[in-house]
Amino acid sequence: MQQMELAVLDWIQACVRTPFLDRVVPAFTQLSNHGEIWIAMAVLLMLWKKTRKAGLSVSCGLLLDLLTVNMLLKPLVGRVRPFAVNTAVQLLVEAPHDASFPSGHTGVSFAAVGALYASGSPLWKPASVLAALMALSRLYLYVHWPSDIIGGVIVGWLCGWLGAKLVKLAAEAIAKRKTN
């Protein structure tokens, strides 16, 4: 399996990598080094009553993703990153020091997408494009295995979906409390 994943990453290096992308992709991936772009989106959505539930859903999904990916799965799995296996690759970003599985950038991105989708926000569509590009950037940069990306998509989406469902349950409980 590892050889197949290395072949995918090496193909990206040989066939997709360009000087232009070598400048753009590292800058793009930094938008989510700590989930910044998704946190900013959640905060902005919470500012308006019409989009507040979506913003709360994204916030809850991001928190669940942080706990699941960074505090549970990465330490538990402890997977080595691909650049540590193929040391001939020149990294374009600082080498991450945490474990590889699942991809945190991908997880947080798809947590936002899952929350937006589950909360009924039409923003899930453009967010999906941004999340997919974020996931691909991690492969381009040789800091994640393809299966890390798949794991990040699944875990992130589920955390986002669950975050939206928890916000909905909380809103229903508050509304019920007000009527009693």
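In order along the range 133-139, the Karplus-derived 3J(HN,Hα) couplings, from 6.51 cos²θ - 1.76 cosθ + 1.60 at θ = phi - 60°, round to 5, 4, 4, 5, 4, 5, 6 Hz, and Gly and Pro are given as x. The mean accessible area for residues of the chain, using a 1.4 Å probe and ignoring ligands and nucleic acids, is 55 Å² per residue. Please say if the range 136-178 is rounded, prolate or oblate, where rounded means a/c under 1.5 for a ≥ b ≥ c the square roots of the C-alpha gyration tensor eigenvalues, and otherwise the choice is prolate for a/b larger than b/c and oblate otherwise? Because a/c hits 1.5 or more and a/b exceeds b/c, the range 136-178 counts as prolate.
Classify the range 17-97 as rounded, prolate or oblate, taking a ≥ b ≥ c as the square roots of the eigenvalues of its Cα gyration tensor: rounded when a/c is under 1.5, otherwise prolate if a/b is larger than b/c and oblate if not. Display every interim value, and only then the final one.
Working: a/c = 4.62, a/b = 1.58, b/c = 2.92.
Oblate, since a/c reaches 1.5 and b/c is not below a/b.
When the accessible area of the range 11-62 is computed with all protein chains present and a 1.4 Å probe, what percentage of it is carbon and sulfur?
71 percent
Taking each DSSP H run with n ≥ 4 as -39500 (n - 2.57) and averaging over every residue of the chain yields -22000 deg cm²/dmol at 222 nm.
For the range 148-153, putting each phi into the Karplus relation 6.51 cos²θ - 1.76 cosθ + 1.60 with θ = phi - 60° gives couplings of 5, 5, 4, x, x, 4 Hz, in residue order, rounded to whole numbers and with x for Gly and Pro. Annotation for LYS165 and ASN86: the two label points, set 7 Å from Cα along the Cα-Cβ direction, are 3.8 nm apart. Peptides 110-118, 37-45, 138-146, ordered by how many other C-beta atoms sit within 10 Å of their residues on average, highest first, read 110-118, 138-146, 37-45. Helix 104-118 and the longest principal axis of the C-alpha atoms of the chain enclose an angle of approximately 30°. For the range 31-45, backbone phi angles converted through the Karplus equation (6.51, -1.76, 1.60; θ = phi - 60°) give residue-by-residue couplings of 4, 10, 4, 10, x, 3, 5, 6, 5, 4, 4, 4, 4, 4, 5 Hz, Gly and Pro being listed as x.
The values are calculated or read from the model by the stated rules, or taken from the named source; none is laboratory data. Being a predicted model, the structure only gives us computed values, none of them experimental. Because the Cβ atoms are built from the backbone with ideal geometry, glycine has one as well, and the counts that use them run over all protein chains shown. Side chains are part of the model used for accessible areas, which takes the heavy atoms of the whole protein and leaves out ligands, DNA and RNA. Shrake-Rupley method; radii C 1.70, N 1.55, O 1.52, S 1.80 Å.
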